[in-house]
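Beneath this line is the structure, given in structure tokens, with notes to follow.
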């Protein structure tokens, strides 16, 4: 499991990303969570049943959550979290997470306002600028200043491995997103979007770990698997 000292050293209790050694963390078992989430919970010192997970749809909807959203089978059980790809909270002790298998897990932290966010930014979510949407919600809800926000782009498909169809590449290019031929740059796109919202480049850490090339992570592109990695964040 990967821990992000870039955030934890600044006051976040947990900023972690699981892989194959921890096991499958997918939502296939909502009533009884797959053992992977139990392993991650134990390693991070949280209760598996307390983890707030949305029902992701590769969109750009971001929700503010609190303790009311806990206890719904650790994912997809709360109606407010259906069709959601980003979670934000300012409540300590509420672990929020998203599931990925090549999409970008984006971690956000405002140490001044004490707000955290976890964002599922795949090809479609990045095209819909979900990273910027999350920053906007932080600004509106807690008066966060972008210059205070720290961000981490976790393990995900790298620019050398993420090849798409010509039509998708054209859509990406039309929106001014970085790419090389038919290879999309999810990392660069999200860095660019965060910088456009006023987050300083030295406040953005890119893990530079490719889930397609590195076999210690679950990858849909490489394995066509339903298994998922868990990105977990908690104040």
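The values are calculated or read from the model by the stated rules, or taken from the named source; none is laboratory data. All values derive from a computational prediction rather than experimental measurement. No Cβ is skipped: glycine too gets one built from the backbone with ideal geometry, and neighbour counts run over all protein chains shown.
Figures for the structure shown
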quantity: Count of residues meeting criterion [exposed (fewer than 15 other Cβ atoms within 10 Å of the Cβ) and touching a helix residue (DSSP H, G or I) at 6+ places or on another chain (Cβ under 7 Å)] in the stretch 199-209; calculated: 2
quantity: Selection count, the stretch 1-36, where residues are in contact with a helix residue (DSSP H, G or I) (Cβ under 6 Å, 6 or more places away or on another chain) and at pLDDT below 90; calculated: 1
quantity: Unmet criterion (only one of (1) closer than 27 Å to residue 226 by Cα; (2) in a strand (DSSP E or B); (3) in contact with a helix residue (DSSP H, G or I) (Cβ under 9 Å, 6 or more places away or on another chain)) for residue 102; calculated: (2)
quantity: Residue within the stretch 91-100 that is without any contact (Cβ under 8 Å) to a residue 60 or more places away in the chain, closer than 22 Å to residue 148 by Cα and in contact with a strand residue (DSSP E or B) (Cβ under 6 Å, 6 or more places away or on another chain) present; calculated: no
quantity: Failed item, numbered, when residue 190 is tested on (1) in contact (Cβ under 8 Å) with a residue 24 or more places away in the chain; (2) assigned to a helix (DSSP H, G or I); (3) surrounded by fewer than 23 Cβ atoms within 10 Å (Cβ to Cβ); calculated: (3)
quantity: Verdict on residue 219 being out of contact with any strand residue (DSSP E or B) (no Cβ under 6 Å at 6 or more places or on another chain) and buried (at least 17 other Cβ atoms within 10 Å of the Cβ); calculated: yes
